[in-house]
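Written out below as structure tokens is the structure these notes cover.
All of the numbers you see were taken from the coordinates with simple rules; none came from a lab. The structure presented is a predicted model; accordingly, all values stated were derived computationally and were not measured. Reconstructed Cβ throughout: ideal geometry from the backbone, glycine too, with neighbour counts over all protein chains shown.
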Amino acid sequence: MKVSHGGDRIAEVLAAHGVPRIFTLCGGHISPILAAAKARGIRIVDVRDEATAVFAADATARLTGLPGVAAVTAGPGITNTITPLKNAQLAQSPVVLIGGAAPTALQGRGALQDIDQRPLVAPHVKRFFKLRRVRELAPAVAEAFELARSGVPGPVFLECPVDLLYPEAEIRKWYAEAAGKGQALPDRALRWYLNRHAGRMFADAGAAPPALRTPQVPRASEAALHRAAAMLERAQQPLFVIGSQAVVQADEAEALAEAVGRLNVPVYLSGMARGLLGRDHPLQMRHARRNALRESDCVLLAGVPCDFRLDYGRHVRRSATLIAANRSAKDARLNRRPDVAAIGDAGQFIRALAQTLPTSVGRWADWAATLRQRDAQREAQIDEQAAREGDHVNPLALFRALEAEAGEGAVFVADGGDFVGTASYVLHPRGPLTWLDPGAFGTLGVGAGFAMGAALAGGADDKEREVWIVWGDGASGYGLAEFDSFVRQGIPVIAVVGNDAGWTQIAREQVKMLGDDVATVLARSNYHEVAAGFGAEGLLIQRGYEVRPVLRRARELARQGRAVLVNVWLDKTEFREGSLSM
């Protein structure tokens, strides 16, 4: 295909990397990239908020292991991406964000949407590429793809000024019009400068596209592997905690699950690792993790730092042997120095452990049975609480119903506070890479973008995939407008909004501690009517007996290619009292 401008050069590299789609909100600064990508068969998925585009690229990266790509225009287009960029950075998700910029010759002179973008973006990405020549475009894109996946994965940003993207003849014409035809010395000097500037900008622009680059996947040392294996062999009550980083190589998720099964160690799963072992694997524990960690004599944290989620390392008793497998040396030692720091890919480390240790069938059976018994007791308590009836819908009963009604190809996208916290106790992800939550940053507003990325990542041949957004009513406000995007582009997500008319996770502790519900009260808004206004299907549930029939109807509509929002009026519960995190 003919290469006529800088947008073509970027699109060529994207196509060479097998990028199937770009998420975007249009802008004149990036139009050549979008047009050139479309001409090469790359799908352009346009959204209503730049944050959605980056969240969708993030979800694509998590589910495929390949960098997700978003493109946004200059200035406010880029500032709108700061939160999702930081979320991707903290979740260690490989995203490539391409951003527009004012013309190189006019930067710093008050051009449209011209700001210094580096200090805003650079703290939140692995590298900020500030490009100044057309010949730099293709190599920078290739390097960004390698860098995003290498070492500790994360987002990379490419700043592409608009005059690098359009055809040279068009840019020279723009420059000539800007310089005018005056014969005064300043006018002639300006024409000379702009001609010289254009010549340097387009010099060697016809260079061949760069070769594809292989990401660098870090591998833990053999010494760390053998020390960890010896510690596990001596353990009486070992425990694994496996997090998102362990499944960053998405194509190895099934092999990782098989290795965990062979090791026969009880395991807790978090983040993107939820669902790794399927719905009901005997080794997977779901409840009372804190107690299990305090009783274990050997704990392996696989891609999990000792942050607030593990009480800064205090959940693991001091006398226990601690093994930290992590691509990040900093995260491996955060707040708690491990006995073994296996610095490398956590999933690969577990697979290597399974090859090093003898098969452990029957070992630690009593320990696992104790943990399973606790799980069973907690499930019975949840059943008891789910049976309580009120004026509207018990959220525990709702999730028991959703657990029963959602298909085996269900992917759950979690976006909210109290509602999502409740879901995490009840919903069982169906398999590897079927649960998406924001990660350590706790960002609200990921739902629409994550659902879009998840729905499209499955491909046209994945007929069993159904994407459910578990949406708190507060969090839903960030993404309701994206039902327009879902409808226009035929993306059949199902959103279940838990409508309890409040920011309940905050209100629980705020009212108890401060005696005031200020700023935590919402209304029983008609979210289903908002979705219907965008052309989607809106369904309402106000009573418990309506839940299962309406969920079935939602699935049926989604199978027909419709986007659906189910607005569920919830009763207040005390299920998650004392859940505030610091």
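If Lys and Arg each add +1 and Asp and Glu each add -1, what is the summed charge of the other residues whose beta carbon sits under 12 Å from the beta carbon of LEU371? Intermediate results must be reported in sequence, preceding the final value.
Values: positive: ARG286, ARG289, ARG372, ARG374, ARG378; negative: GLU295, ASP366, ASP375.
Once positives and negatives cancel, what remains is +2.
Return the lysines within reach of LYS2: Cα separation strictly under 18 angstrom, same-chain partners fewer than 8 residues apart disregarded; answer none if there are no such residues.
LYS38
Kindly provide the helix-only [θ] at 222 nm of the chain, computed as the sum of -39,500 (n - 2.57) over DSSP H runs of four or more divided by all residues, to the nearest 500 deg cm²/dmol?
Working: 23 runs with 235 residues, N = 582.
One gets -12000 deg cm²/dmol as the mean residue ellipticity at 222 nm.
Leaving out same-chain residues fewer than 8 places away, which lysines sit with a Cα under 29 Å from that of LYS572?
LYS512
Angle, helix 447-457 long axis vs. longest principal axis of the chain, Cα atoms, 0 to 90°, nearest 10?
80 degrees
Relative to the longest principal axis of the chain, what angle (0 to 90°, nearest 10) does the C-alpha long axis of helix 168-179 take?
60 degrees
Out of all Cα-Cα pairs in segment 491-579, roughly what percent, to the nearest whole number, are more than 19 Å apart? Present the calculation step by step, with values, prior to reporting the outcome.
Details: 1879 of 3916 pairs.
For segment 491-579, the fraction of Cα-Cα distances above 19 Å is 48 percent.
When a/c is below 1.5 the answer is rounded, else prolate if a/b is larger than b/c, else oblate, so apply that to segment 6-202 with a ≥ b ≥ c taken from the square roots of the Cα gyration tensor eigenvalues. Can you show the working numbers first?
Working: a/c = 2.21, a/b = 1.89, b/c = 1.17.
Note, shape of segment 6-202 comes out prolate.
Stretch LYS181-ARG40 to full length: gain in nm at 0.36 nm per residue minus the Cα-Cα span?
Values: separation 141, 0.36 × 141 = 50.76 nm, distance 3.96 nm.
Gain on stretching LYS181 to ARG40: 46.8 nm.
Describe numerically, in nm with one decimal, the distance between label points set 7 Å from Cα along Cα→Cβ at ARG127 and at ALA519.
Simple spin-label model gives 4.0 nm for this pair.
Quick one: plug the Kirkwood hydrodynamic radius of segment 87-239 (C-alpha pairs) into Stokes-Einstein at 4 °C, 1.567 mPa s, and report D in µm²/s. The partial results should precede the final answer.
Working: Rh = 19.0 Å.
Answer, rounded: 68 µm²/s.
Quote to one decimal, in nm, the extra length available between ARG213 and GLU389 on full extension: 0.36 nm per residue of separation minus the C-alpha distance between them.
Numbers: separation 176, 0.36 × 176 = 63.36 nm, distance 5.83 nm.
57.5 nm is the gain from fully extending ARG213 to GLU389.
Hey, rough spin-label estimate for GLU464 and GLU574, points 7 angstrom out along Cα→Cβ, what's it come to in nanometres?
In this crude spin-label approximation the distance works out to 4.2 nm.
How big is D, in µm² s⁻¹, for the chain by Stokes-Einstein at 10 °C and 1.306 mPa s if Rh is the Kirkwood radius over C-alpha pairs?
On the way: Rh = 25.5 Å.
For the chosen part, D equals 62 µm²/s.
Quick check: the distance between the Cα centres of segment 326-404 and segment 177-229, to the nearest angstrom?
46 Å
Based on alpha-carbon centroids, what's the gap between segment 56-118 and segment 418-490 in Å, whole number please?
Here the two parts' Cα centres lie 22 Å apart.
Quick one: what do you get for segment 355-471 if you divide its Cα Rg by 2.2 N^0.38 Å?
Details: Rg = 17.4 Å, N = 117, 2.2 N^0.38 = 13.4 Å.
The reported ratio for this selection is 1.30.
Give the calculated FRET efficiency between ASN195 and ILE82 to the nearest 0.05, with a Förster radius of 45 Å applied to their Cβ-Cβ distance. Before the final figure, lay out each step's value.
Values: r = 37 Å, r/R0 = 0.83.
That gives a FRET efficiency of 0.75.
With a ≥ b ≥ c the root eigenvalues of the C-alpha gyration tensor of segment 163-204, is it rounded (a/c under 1.5), prolate (a/b larger than b/c) or oblate?
Numbers: a/c = 3.68, a/b = 1.81, b/c = 2.03.
Oblate shape, in that a/c is at least 1.5 and b/c is the bigger or equal ratio.
I'd like the FRET efficiency for ASP366 and LYS2, computed as 1/(1 + (r/R0)^6) with the beta carbon distance as r and R0 of 41 Å, rounded to 0.05.
0.05
Need the full-extension length gain, ASP280 to ARG318, defined as separation in residues times 0.36 nm minus the C-alpha distance. One decimal, nm.
Numbers: separation 38, 0.36 × 38 = 13.68 nm, distance 3.12 nm.
Extra length from ASP280 to ARG318 when fully extended: 10.6 nm.
Along the positive direction of the dipole of the chain (beta-carbon charges: Lys, Arg +1; Asp, Glu -1; about the Cα centre), which of LEU334, VAL265, GLY390 reaches farthest?
Looking along the dipole axis, the top candidate is LEU334.
Under 20 Å from the 7 Å Cα→Cβ point of GLU254, by amide nitrogen: which residues of segment 323-358?
Backbone N within reach: 347-352, 354-355.
Largest first and to the nearest Å, give the Cα extent of segment 1-122 along each principal axis.
Largest first, segment 1-122 extends 42, 39, 23 Å along its Cα principal axes.
Label segment 222-369 by shape, choosing from rounded, prolate and oblate, from the square roots a ≥ b ≥ c of the eigenvalues of the Cα gyration tensor; if a/c is under 1.5 it is rounded, and otherwise prolate applies when a/b is larger than b/c, oblate when it is not. Walk me through the intermediate numbers first.
Values: a/c = 1.16, a/b = 1.08, b/c = 1.08.
Since a/c stays below 1.5, the shape of segment 222-369 is classed as rounded.
At a Förster radius of 25 Å, what calculated FRET efficiency corresponds to the Cβ-Cβ distance of ARG553 and CYS26, to the nearest 0.05? Before the final figure, lay out the partial values.
Numbers: r = 35 Å, r/R0 = 1.40.
The value I calculate is 0.10.
Would you mind counting up the charge near TRP435? Only other residues with Cβ under 11 Å from its Cβ, with Lys and Arg at +1 and Asp and Glu at -1. Before the final figure, lay out the partial values.
Working: positive: ARG62, ARG274, ARG430; negative: ASP437.
Surrounding charge for TRP435 is +2.
Going by alpha carbons, how many degrees (0 to 90, nearest 10) lie between the helix axis of 365-386 and the longest principal axis of the chain?
80 degrees
Using label points projected 7 Å from each Cα along Cα→Cβ, tell me how many nm separate GLU295 and ASN335, to one decimal.
Result for the modelled spin labels: 2.3 nm.
Considering every Cα-Cα pair within segment 387-569, what fraction, in whole percent, is farther apart than 27 Å? Don't skip to the answer; put the middle values down first.
On the way: 3463 of 16653 pairs.
For segment 387-569, the share of Cα pairs beyond 27 Å comes to 21 percent.
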